[in-house]
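Bear in mind that the values in this text are calculations on the coordinates, not laboratory data. Here the structure is a predicted model, which is why all the values come from computation and not from measurement. With ideal geometry, Cβ positions are generated from the backbone for all residues, glycine too; neighbour counts draw on all protein chains shown.
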Amino acid sequence: MTDTPAASGANTPSLNAQVNASAIPPEEMDRLTDGIVAALKSVYDPEIPADIYELGLIYRVDIADDRNVAIDMTLTAPGCPVAGEMPGWVENAVSAVPGVAGCNVTMVFDPPWDQSRMSDEARIALDMW
């Protein structure tokens, strides 16, 4: 299994693909991975001017051989007003990526999110150094 860092933050999500045992050709896996990251970067927390990927809210992305995608994500705070809606936004965005068969998002709160998970891009957008 390989971990592919894609954001520039200290704690990037792990994008897991079973490279050696995968039925998905490497070129297609790269295309799927790029498309999934782009889809995740299109989802924003409405209260924060940075996307959920750069904020470090995505903890794990797993692409299965059947092209179903499993995502573990968190929120900046458990009481986030869009907590019930955001997983659906992520599922819809990722499911729209060509080649993705479906997407399942699991909300996790361990480890708790903190600012160290943000990328430099998010830190610049939020002026948080």
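Assorted remarks:
- In order along region 79-93, the phi-based Karplus estimate (6.51 cos²θ - 1.76 cosθ + 1.60, θ = phi - 60°) of 3J(HN,Hα) comes to x, 3, x, 9, 4, x, 9, 4, x, x, 4, 5, 4, 5, 5 Hz; Gly and Pro are listed as x.
- Packing here is the average count of other Cβ atoms within 10 Å per residue, and on that basis the peptides 113-121, 51-59, 81-89, 68-76, highest first, run 51-59, 68-76, 113-121, 81-89.
- The Cβ shell under 11 Å around ALA101 holds other residues with a net charge of -1, Lys and Arg each +1, Asp and Glu each -1.
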